[in-house]
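In what follows, a single structure is set out as structure tokens and then discussed.
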């Protein structure tokens, strides 16, 4: 298995380790997933997300190339800004979802999911055009996500960059913990606020130690992939391989807001998205809360409450803040309206649920 600059630290902290996307990653620490989840909601937690992939796209035709392969409008993305996107696969599905950073004029960084690095690299190279240079820096760049309401105050102690001046989905490049050229990005996957840091792998331990030393008075906690999943689910963020994959349309997944097949953009699957907006889709992603004490799990069937199957669960958990079962799943469009009564089929029993709009979080 591959390692990150922090693997030995996780093991020393007693983390439960498991293979994820070819990496030896921490799933949870001895305090447990719920405690880690709540630490991020109310304080500050640190995630090792160095397994994620980073591609550089450079050259005079970088924007033109990205306009075709990315669902969102790259032309509207200013230098210093980031943008959520997906790669349409040409058959109505999604190769991957990603964040595009406009780093400099004619230079972009794409941050892709760890499990899809090889697939995504093949995809961008397959669609590459003249005047574009591609570089896969996934093995050279490390990433930490520092998330929670106390993250900004903590990180500000380690940099002269004014973090309060970096709006959501924007970034600056500066010195952090005496390490130069760190990308400090106001993004995240928890809904709890905070920043993500990108830096060369050799500085990983130095940056980790600086963050945790400064974070002592904030009761900082390391957080594993288990709580990362429950945090993103509580706020209704899609996860590749669950809510989205090669068979799901971004329109079906409620991601029409990042799907902009504008004139002249020449977006892969652009005509299909226009047709789906006009004529509708066969399934729609919906959030739901259980009305009885139970936990919905991925691939459990969803019903109309009267025995008829209407869809399936893509993600579910017992919400650590709401303390009820919550989830997301695909249903027939007529059952996706807010307030609709549905059910989750759990061990042969229909457990009552209601369609709601995430977030599910109760603070």
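In segment 276-297, which residues are part of a strand (DSSP E or B) and under 30 Å from residue 260 (Cβ atoms)? Within segment 276-297, 284, 285, 286, 287, 288 meet the criteria. Total residues in segment 251-266 satisfying the condition of being in a loop (DSSP other than H, G, I, E, B) and within 23 Å of the chain's Cα centre (by Cα): the figure is 8.
Say we look at segment 148-173 and pick out the residues that are part of a loop (DSSP other than H, G, I, E, B) and under 23 Å from the mean Cα position of the chain (by Cα); which of these is nearest to residue 109 (Cα to Cα)? Explain how you work it out, then say what you get.
Filtering segment 148-173 down to residues part of a loop (DSSP other than H, G, I, E, B) leaves 148-150, 157-162, 166-169.
Pick out the ones that are also under 23 Å from the mean Cα position of the chain (by Cα) and you get 148-150, 166-169.
Working: 148: 25, 149: 27, 150: 27, 166: 18, 167: 18, 168: 17, 169: 14 Å.
Filtering first and then ranking leaves 169.
The set of residues in segment 278-290 being farther than 21 Å from residue 235 by Cβ and surrounded by 12 or more Cβ atoms within 10 Å (Cβ to Cβ) consists of 281, 283.
Select, from 215, 256, the only residue that is at pLDDT 95 or above and either touching a strand residue (DSSP E or B) at 6+ places or on another chain (Cβ under 7 Å) or surrounded by 20 or more Cβ atoms within 10 Å (Cβ to Cβ) (or both). If you could, list the steps in order and put the result at the bottom.
On the way: 256 fails: either touching a strand residue (DSSP E or B) at 6+ places or on another chain (Cβ under 7 Å) or surrounded by 20 or more Cβ atoms within 10 Å (Cβ to Cβ) (or both).
Exactly one residue qualifies, and that residue is 215.
Considering only residues that are free of Cβ contacts under 8 Å to residues at least 60 places away in the same chain and part of a strand (DSSP E or B), which ones fall in segment 174-212? Hits for segment 174-212 are 174, 175, 176, 179, 180, 181, 182, 184, 195, 197, 199.
So for segment 273-282 (the condition being closer than 24 Å to residue 241 by Cα, in contact with a strand residue (DSSP E or B) (Cβ under 7 Å, 6 or more places away or on another chain) and modelled with pLDDT of 95 or more), does at least one residue qualify?
Step one: list which residues in segment 273-282 are closer than 24 Å to residue 241 by Cα, which gives 273, 276-277, 280-282.
Those left that are additionally in contact with a strand residue (DSSP E or B) (Cβ under 7 Å, 6 or more places away or on another chain): none.
Checked segment 273-282: no residue is closer than 24 Å to residue 241 by Cα, in contact with a strand residue (DSSP E or B) (Cβ under 7 Å, 6 or more places away or on another chain) and modelled with pLDDT of 95 or more.
Among the conditions (1) on the phi > 0 side of the Ramachandran plot; (2) in contact with a helix residue (DSSP H, G or I) (Cβ under 8 Å, 6 or more places away or on another chain); (3) at pLDDT below 95, the only one that residue 264 does not satisfy is (2). Restricting to segment 32-49, name every residue that is within 17 Å of the chain's Cα centre (by Cα) and buried (at least 24 other Cβ atoms within 10 Å of the Cβ). The answer is 37, 40, 45, 46, 47, 48. With the structure loaded, tell me whether residue 12 is modelled with pLDDT of 95 or more, on the phi < 0 side of the Ramachandran plot and in contact with a strand residue (DSSP E or B) (Cβ under 8 Å, 6 or more places away or on another chain) or whether it fails that test. Spelling it out, it is not the case that residue 12 is modelled with pLDDT of 95 or more, on the phi < 0 side of the Ramachandran plot and in contact with a strand residue (DSSP E or B) (Cβ under 8 Å, 6 or more places away or on another chain). You will find that of 168, 218, 203, the residue that is in contact with a helix residue (DSSP H, G or I) (Cβ under 7 Å, 6 or more places away or on another chain) and either more than 18 Å from residue 157 (Cβ to Cβ) or in the same structural domain as residue 13 (by TED's automatic domain parsing) (or both) is 218 and no other. Would segment 112-123 turn up any residue that is assigned to a strand (DSSP E or B) and within 22 Å of residue 252 (Cα to Cα)? Within segment 112-123, one or more residues are assigned to a strand (DSSP E or B) and within 22 Å of residue 252 (Cα to Cα). Applying the criterion of being touching a helix residue (DSSP H, G or I) at 6+ places or on another chain (Cβ under 7 Å) and not in a loop (DSSP other than H, G, I, E, B) to the residues of segment 126-140, the residue that is nearest to residue 218 (Cα to Cα) is 136.
This table checks each residue for (1) more than 21 Å from residue 351 (Cβ to Cβ); (2) outside any loop (DSSP other than H, G, I, E, B).
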site: 236; (1), (2): no, no
site: 247; (1), (2): yes, no
site: 268; (1), (2): yes, no
site: 274; (1), (2): yes, yes
site: 299; (1), (2): no, no
site: 307; (1), (2): no, no
site: 323; (1), (2): no, no
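Within segment 1-55, the set of residues being without any contact (Cβ under 8 Å) to a residue 60 or more places away in the chain and assigned to a helix (DSSP H, G or I) comprises 7, 8, 11, 12.
Restricting attention to segment 325-355, the residues being in a strand (DSSP E or B) and within 17 Å of residue 253 (Cβ to Cβ) number 6.
Residue 305 satisfies every condition listed in (1) within 24 Å of residue 96 (Cα to Cα); (2) touching a strand residue (DSSP E or B) at 6+ places or on another chain (Cβ under 7 Å) except (1).
Going by the structure shown, is residue 358 closer than 11 Å to residue 289 by Cα and either in contact with a helix residue (DSSP H, G or I) (Cβ under 8 Å, 6 or more places away or on another chain) or not assigned by TED's automatic domain parsing to the domain that holds residue 42 (or both)?
Values: closer than 11 Å to residue 289 by Cα: yes; either in contact with a helix residue (DSSP H, G or I) (Cβ under 8 Å, 6 or more places away or on another chain) or not assigned by TED's automatic domain parsing to the domain that holds residue 42 (or both): yes.
Against the criterion (closer than 11 Å to residue 289 by Cα and either in contact with a helix residue (DSSP H, G or I) (Cβ under 8 Å, 6 or more places away or on another chain) or not assigned by TED's automatic domain parsing to the domain that holds residue 42 (or both)), residue 358 qualifies.
The values are calculated or read from the model by the stated rules, or taken from the named source; none is laboratory data. Just so you know, these numbers come straight off a predicted model, no measurement behind them. Neighbour counts are summed over all protein chains in view; Cβ atoms, including those assigned to glycine, are modelled from backbone coordinates with ideal geometry.
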